[in-house]
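The next block holds one structure in the form of structure tokens; read it before the comments.
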Amino acid sequence: MIKNFTTLSHASHAVNDIYWFVIPSVLPVILDEFKLGYGWAGGILTAFLLTIAVFSLIFGHFSDRFSRWSIISLGFLLASVGFFLSGFSHTEGTLIATLLLAAVGVSTYHPSMYAAVDENAREKRGKIYGFFEFWGVVGILGVFFIFGSLLQMVDWRGIFFLTAIPGVWLAFLFIRKPIIPKPDNSGSSDITQNTKTAPGFSLKIIALFFIGLSLRILSITAIVNFAPTYLVREFNLPVDIANYGTGLIFLGGMIFALTFGILSDRYNQLTILLFLSGMIAPIIFFLAISHQLFLVYILLFLLGGFWLGFSPVQNIYVSTLTSSMGKGMGFGFLMGLMTLTNAFGPGLFGILADFTNLRMAILWYTLPAILGWLLLLIMAQSMKKPIVNK
């Protein structure tokens, strides 16, 4: 029986991240079956993500007042029921309704678990967040590699049925409450603890950080969600091969998240943050203009690396900047804002692709990446002292 907090947090993160990307992995097949356009595709993703955004704020608030384990358990149960019922859908309306039920369940996890991980990170927070993100990406890799192969045998309905299974098991484990290691309260063991409540961050700095972060996310996740469709439609790849190609995004993310999580404990975190954010726009630009499949694969790998490698240092900053509002609420705000941005990203992307084409839509999405990086650069220049773990 899995009871150890670290093991359970890693396993549950893998499963929850599967929920975020199972829809894009089967989206090309759903579009063909229901004869839908890119606008509909974006609308489905937008509705799913918008629901997560709204309920992330709600459950983030609740997680500071009620049992986080009960909230997470309820979330996995709702997600399992939602995806299971989605597999029986035969109309667009029922498909969307059941996916929205799943989205409510998905929304419970990150605000509660990020807060729990942060509270139990006594030293080397970058490394701890790096491993936590690493296992989340392992789950996403499973979506695009394993589900990509299974899609030819069980179709998209079977994929949703399979997605529903592990959540029931995890709901049971969380309701029993995981064993959490007792903290070491010695002052010398946790230098990062002193930085969690470091004063001096103005509303301007906080606003620049979250707006810059949101624009960065807007530019990335819409492209990631449409990556399987892009590879199918632009390069005439079979759906299973397109899912393998999309999996390279998360292979890069897995490697970079762990690497830069460790590096963020040793080097200036602000420099790492700006570097990882600044590389997004050039990668998206070359992805839009490249017609060589091998180069596209490399660019997808790098996009995932610079996207998800950003997460450990991002989470450290969120913990520090929002410490006064409660950890659950702080991470709920992060997930709500990011997911709200994500919610409109696919819809706008789908509309752009319908009126132009997929490549031109990708090209347009370099703009928010550039603007987001500029806002983070202004934030860096405005900060009196960067957050550095020594």
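Some points to look at:
- Scan segment 103-126 for residues that are in a helix (DSSP H, G or I) and either among the small types (Gly, Ala, Ser) or modelled with pLDDT of 75 or more (or both) and the total you get is 15.
- Number of the condition not met by residue 286 [criteria: (1) more than 18 Å from the chain's Cα centre (by Cα); (2) modelled with pLDDT under 90]: (2)
- Subset of segment 132-177 [under 23 Å from the mean Cα position of the chain (by Cα) and not in a helix (DSSP H, G or I)]: none
- Filter result (small (Gly, Ala, Ser) and either without any contact (Cβ under 8 Å) to a residue 60 or more places away in the chain or closer than 13 Å to residue 246 by Cβ (or both)) within segment 9-30: 25
- In segment 77-95, the qualifying residues are those that are in contact with a helix residue (DSSP H, G or I) (Cβ under 9 Å, 6 or more places away or on another chain) and not in a helix (DSSP H, G or I), and the one that is nearest to residue 159 (Cα to Cα) is 87.
- Whenever a residue of segment 61-74 is touching a residue at least 40 places away in the same chain (Cβ under 8 Å), its partners that are surrounded by 16 or more Cβ atoms within 10 Å (Cβ to Cβ) and among the aromatic types (Phe, Trp, Tyr), lying with C-beta atoms within less than 8 angstrom and at least six residues away or across chains, give the pairs 69/174; 70/174; 71/59; 71/62; 72/109; 72/174; 73/174.
The values are calculated or read from the model by the stated rules, or taken from the named source; none is laboratory data. All of these numbers come straight from a predicted model, not from anything done at the bench. Counting neighbours? That spans all protein chains shown, and the Cβs are built from the backbone with ideal geometry, glycine included.
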